[in-house]
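Here is the structure we will look at, set down as structure tokens.
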Amino acid sequence: MAYNNIISANDPMAVNMLKENLAHFENNTAYMQAVNDFYKEKGTTVGFEGIDYAEAVKLDERVNGYQTAPYLGKFFKDNYEKIGRIKANIDRLENRPETMFKGWQFAGGEAIVNLANNRLQLMFEEKPSDEHRAMLKQNGFKFAPTTKAWQRQLNYKTMAAANRIDFIKPLDGRTPMDLQPKMTHRDAPER
């Protein structure tokens, strides 16, 4: 896994990927500390398990030239900052209020929230009439032959568009927006 790739909060595997990143940076910190301890004890990094001779010579030259240890405090500081950010993101994702969109059943089909593709997908039991297809297109939905669904990017504007389409209203009589978690508004910074 690349440890500098962006992880989307919408990804169902986001917490697992963040935990992998966390383990990587924690292992990296432990490795750097072990190398420093070995150097303090032996005066060289040659012979440290996991470091080949050429790399050990580079680390030793760095210490002899301008550093007091193979890995200075700045390396640890950078790692600890990354670890702190990752832990905060994991905590935020695991303890966030319910913010996921919800799908619904409607007469003749189902609205599915596809988080992996970030789409609201409308699945119909039968092909919609010309009039219904025109209404879907007018509200930004496009037919995706690969999924056999009418879909649109998943966001609150999509739910507002779904509110305007009467034939996809939920069976319980509410509107699609009524089913969704309430959007929290961030306070605008004072100018």
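Summary table below
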{"item": "Against the rule of thumb 2.2 N^0.38 Å, how large the Cα Rg of the chain comes out", "result": "1.65"}
{"item": "Sites matching trypsin sites (Lys or Arg not before Pro) across the stretch 113-156 that sit in DSSP coil, with at most 11 neighbouring C-beta atoms within 10 Å", "result": "LYS148"}
{"item": "DSSP loop GluC sites (Glu not before Pro) with at most 16 other Cβ within 10 Å excluded, longest remaining stretch of the chain", "result": "127-189"}
{"item": "LEU72 long-range amide H proximity, modeled H, under 5 Å", "result": "none"}
{"item": "In Hz, Karplus ³J(HN,Hα) per residue of the stretch 166-172 (6.51, -1.76, 1.60; θ = phi - 60°; x = Gly, Pro)", "result": "4, 6, 10, 5, x, 4, 7"}
{"item": "Among ALA111, ALA14, ALA30: highest mean-square fluctuation, GNM of the chain, C-alpha pairs under 10 Å", "result": "ALA30"}
{"item": "Whole-number accessible area per residue in Å² for the chain, which is evaluated in the context of all protein chains at 1.4 Å", "result": "67"}
{"item": "Under-26-angstrom lysine pairs by C-alpha in the stretch 56-159, whenever the two are 8 or more apart or on separate chains", "result": "19"}
{"item": "Unit charges at the beta carbon, dipole of the chain: most positive-side option, GLN151, HIS132, ALA30", "result": "HIS132"}
{"item": "Amide H within-cut-off set for ARG119, under 5 Å, with H built and near neighbours excluded", "result": "ASN114, LEU154"}
{"item": "Residue-wise HN-Hα coupling along the stretch 112-120, computed from phi with Karplus coefficients 6.51, -1.76, 1.60 (Hz; x: Gly, Pro)", "result": "10, 8, 9, 5, 4, 9, 6, 9, 9"}
{"item": "Student exercise, the chain dipole from Lys, Arg, Asp, Glu Cβ charges, in Debye to nearest 20", "result": "800"}
{"item": "Charge dipole (debye, nearest 20) of the stretch 90-172; +1 at Cβ of Lys and Arg, -1 at Cβ of Asp and Glu", "result": "380"}
{"item": "Residue among TYR53, TYR39, ILE112 farthest towards the positive dipole end of the chain, charges placed on Cβ", "result": "ILE112"}
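The values are calculated or read from the model by the stated rules, or taken from the named source; none is laboratory data. Because the structure is predicted, anything quoted here is derived from the model rather than measured. A quick note on method: Cβ atoms are made from the backbone with ideal geometry, for glycine too, and the neighbour counts reach across all protein chains shown. Side chains included, ligands, DNA and RNA excluded: accessible areas come from the protein's heavy atoms. Shrake-Rupley method; radii C 1.70, N 1.55, O 1.52, S 1.80 Å.
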